[in-house]
Amino acid sequence: MTRRSSGPRRGAVRSRRSGEDTRSIPSLAAPALVVLAAEPLYLLVDTAVVGHLGGVPLAGLAVGGGLLGYVAALLNFLAYGTTARAARRAGAGDRAGAVAEGVQATWLAAGLGIVLALAFQVLAGPLTRALAGGAGAVAAGAEQWLRVASPGLPLLLVALAGNGWLRGVQDLRRPVGYVLAGSLASLVLCPLLVHAAGLGLVGSALANLAGQTVSATCFGRALVRELRRQDIPWRPRWSSLRAQLVLGRDLLLRAAVLQLAFAAAAAVVARSGTAELGAHQVALQLWLFLALVLDAYAIAAQTLVGHALGAGRPDAARRTARRVSAWGLGTGIVVAAALLALRPVLPPLFTDDPAVLAEAAVVWWFLALMQPLAGVVFALDGVLMGAGDVAYLRTVTLGSAAVGFVPLSLLSGRLGWGLAGVWSGLTLFIVLRLVGVGVRVAGDRWLQAPARVTG
């Protein structure tokens with residue numbers, strides 16, 4: 001298949017300079033934003049629905065939902081690693097090879113999901129008690145939620161893999177419909193099951209599971225149709241699976257460091273009290289939601305950089321890095337201003353508990369003022385992922401967590417600094433990552449990072 005026949009989809013623009021893809025960052029980021037924001041938006045609604053049951057159920061959701069979220073974030077290499085590999089192949093004119101990466105990623109996702117779902121059934125009790133600081137109402141609620149929701153892990157991971165290969169071939173529109181269909185199912189069912197049916201936390205978990213089933217089914221059908229159209233083998237290929245795991249190894253370790261750091265922070269907050277944990281849940285869900293909103297620029301950068309380097313255009317990759325950094329910074333400033341303006345309005349949407357609201361006011365300034373820095377960090381993460389420079393990203397993330405986030409979180413627990421100490425650690429973590437990725441992108445080594453698309 002020639003490059004012309006496998007090039008960008010409708011709406012792309014071609015430059016006169018070496019056939020450069022000049023599709024705008026916003027045109028790629030907008031559909032990515034919808035996909036990225038749909039799941040955390042549902043989690044925000046879920047948090048608000050459960051929050052009106054009281055502080056204890058909200059804390060239980062924080063522990064149980066946090067554990068499931070940690071695993072999903074830990075395995076996000078199924079999306080990001082697949083995007084990088086598929087984009088390199090698509091940029092070189094090999095669409096069939098890009099889709100084949102999606103086949104192998106889907107097999108990997110299904111296998112990992114089944115193993116982890118079984119592990120959660122066995123370990124749900126000990127894990128939730130460890131994070132909740134011992135047996136009690138919070139731990140019991142978290143365990144109940146986790147046992148009901150964890151069978152959806154294979155479905156969640158299959159959807160991650162589907163997003164990855166579709167992004168790699170610059171098809172960011174179909175995932176919008178697939179993810180929205182699942183999120184809409186969850187949004188409708190959550191209040192009905194939690195309050196109308198009186199199922200409480202179990203209703204929250206069932207709504208989560210239903211939405212994941214809808215999304216995974218849509219992504220699976222899209223992959224099957226593509227296989228039939230291009231006669232691509234559907235069987236697992238061990239060489240390709242191993243090659244994906246090589247790229248995924250560094251992304252997995254990077255994600256593991258992130259999730260362990262967040263888990264340590266949550267454990268510190270849990271021991272501070274129920275109100276602190278509830279406020280941390282509200283603020284953290286907002287932070288994760290906004291992080292994924294800003295990460296839309298990273299998806300655009302990853303796709304464009306992968307295509308540019310796959311086609312042998314390093315200058316285009318560097319221009320993408322500059323453009324996406326500017327967009328990330330500007331959007332972060334807008335988000336920060338909105339958070340500060342809406343400070344009296346947003347926290348009461350999630351809970352009416354006065355103690356939780358008082359603690360939420362403590363972290364609000366941290367949440368808002370770190371957004372411009374985070375916008376640049378996440379954008380440049382996408383640039384380096386698209387270039388395959390994930391080993392460097394791993395090192396920067398590990399170093400920033402070890403020097404900034406984790407020490408301050410643990411120290412805040414010992415010295416009684418509470419939420420302010422934990423969120424100071426998160427802010428320092430963002431600052432250190434910004435320095436690390438900024439220095440890297442300013443140089444040239446990332447442009448020669450290994451493509452790792454063999455196999």
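The values are calculated or read from the model by the stated rules, or taken from the named source; none is laboratory data. Since this is a predicted model, take the numbers as computed values, not measurements. So basically every Cβ, Gly included, is an ideal-geometry build from the backbone, and we count neighbours across all protein chains shown.
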If you go through the stretch 420-455 one residue at a time, how many are assigned to a helix (DSSP H, G or I) and at pLDDT 80 or above? 24
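For the structure I just gave you, tell me whether Gly375 is modelled with pLDDT of 90 or more and in contact with a Gly (Cβ under 6 Å, 6 or more places away or on another chain).
Details: modelled with pLDDT of 90 or more: yes; in contact with a Gly (Cβ under 6 Å, 6 or more places away or on another chain): yes.
Here the answer is yes, as Gly375 does meet what is asked.
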Conditions (1) in a helix (DSSP H, G or I); (2) of a type outside the set (Asp, Glu); (3) within 30 Å of Glu276 (Cβ to Cβ): number failed by Thr106: (3)
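For the stretch 237-288, what are the residues that are of a type in the set (Val, Ile, Thr), surrounded by 18 or more Cβ atoms within 10 Å (Cβ to Cβ) and modelled with pLDDT under 80?
Val257, Val268, Val269, Thr274
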Candidate set: the stretch 305-317, residues that are buried (at least 18 other Cβ atoms within 10 Å of the Cβ) and part of a helix (DSSP H, G or I); chosen: the one modelled with the lowest pLDDT: Gly310
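State all residues of the stretch 196-209 that are surrounded by 17 or more Cβ atoms within 10 Å (Cβ to Cβ) and either in a helix (DSSP H, G or I) or in contact with a Lys or Arg (Cβ under 6 Å, 6 or more places away or on another chain) (or both); if no residue qualifies, say none. Quick ask: steps written out before the conclusion?
The first filter runs over the stretch 196-209 and keeps only residues surrounded by 17 or more Cβ atoms within 10 Å (Cβ to Cβ), leaving 200-209.
Selection gives Leu201, Val202, Gly203, Ser204, Ala205, Leu206, Ala207, Asn208, Leu209.
With the structure loaded, tell me whether Ala401 is surrounded by 18 or more Cβ atoms within 10 Å (Cβ to Cβ), assigned to a helix (DSSP H, G or I), within 19 Å of the chain's Cα centre (by Cα) and modelled with pLDDT under 90 or whether it fails that test.
In short, yes.
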For the stretch 179-210: of the residues being touching a residue at least 24 places away in the same chain (Cβ under 8 Å) and of a type in the set (Val, Ile, Thr), which is farthest from Arg147 (Cα to Cα)? Val179
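Can you tell me which residue in the stretch 316-361 is nearest to the chain's Cα centre (by Cα), limited to those that are of a type in the set (Val, Ile, Thr) and over 19 Å from Leu290 (Cα atoms)? Quick ask: steps written out before the conclusion?
Start the filter on the stretch 316-361 by keeping residues that are of a type in the set (Val, Ile, Thr), which leaves 320, 324, 331, 333-335, 345, 351, 356.
In the following step, the residues that additionally are over 19 Å from Leu290 (Cα atoms) were identified as 320, 351, 356.
Values: Thr320: 21, Thr351: 25, Val356: 26 Å.
Going through the qualifying residues, I end up with Thr320.
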Among (1) modelled with pLDDT of 85 or more; (2) within 20 Å of Glu276 (Cα to Cα), Met385 falls short only on (2)
Is there a residue in the stretch 289-303 that is within 23 Å of Ala84 (Cα to Cα), among the polar types (S, T, N, Q) and either surrounded by fewer than 24 Cβ atoms within 10 Å (Cβ to Cβ) or modelled with pLDDT under 80 (or both)? no
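Run down Ala135, Ala119 and say which single residue is over 13 Å from Gly60 (Cα atoms) and free of Cβ contacts under 8 Å to residues at least 12 places away in the same chain. Explain how you work it out, then say what you get.
Working: Ala135 fails: over 13 Å from Gly60 (Cα atoms).
The conditions single out Ala119.
Among the residues that make up the stretch 80-88, is at least one of them crowded, with 24+ Cβ neighbours inside 10 Å, more than 30 Å from Ile299 (Cβ to Cβ) and touching a residue at least 40 places away in the same chain (Cβ under 8 Å)?
Taking the stretch 80-88 as the starting set, the residues that turn out to be crowded, with 24+ Cβ neighbours inside 10 Å are 80-88.
Within this subset, residues satisfying the condition of being more than 30 Å from Ile299 (Cβ to Cβ) are none.
Checked the stretch 80-88: no residue is crowded, with 24+ Cβ neighbours inside 10 Å, more than 30 Å from Ile299 (Cβ to Cβ) and touching a residue at least 40 places away in the same chain (Cβ under 8 Å).
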Restricted to the stretch 326-355, and to residues that are in contact with a helix residue (DSSP H, G or I) (Cβ under 9 Å, 6 or more places away or on another chain), of a type outside the set (Lys, Arg) and outside any helix (DSSP H, G or I), which residue is surrounded by the fewest Cβ atoms within 10 Å (Cβ to Cβ)? Asp352
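Gly388 - would you say it is in contact (Cβ under 8 Å) with a residue 24 or more places away in the chain, surrounded by 17 or more Cβ atoms within 10 Å (Cβ to Cβ), of a type outside the set (Ser, Thr, Tyr) and at positive phi?
Working: in contact (Cβ under 8 Å) with a residue 24 or more places away in the chain: yes; surrounded by 17 or more Cβ atoms within 10 Å (Cβ to Cβ): yes; of a type outside the set (Ser, Thr, Tyr): yes; at positive phi: yes.
So Gly388 fits the description; yes.
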At pLDDT below 90, more than 20 Å from Ala265 (Cα to Cα), buried (at least 20 other Cβ atoms within 10 Å of the Cβ) and in contact with a strand residue (DSSP E or B) (Cβ under 9 Å, 6 or more places away or on another chain) - does that describe any residue in the stretch 150-171? yes
How about the stretch 172-193: which of its residues are within 11 Å of Pro31 (Cβ to Cβ), in contact with a Leu (Cβ under 7 Å, 6 or more places away or on another chain) and surrounded by fewer than 24 Cβ atoms within 10 Å (Cβ to Cβ)? Arg174
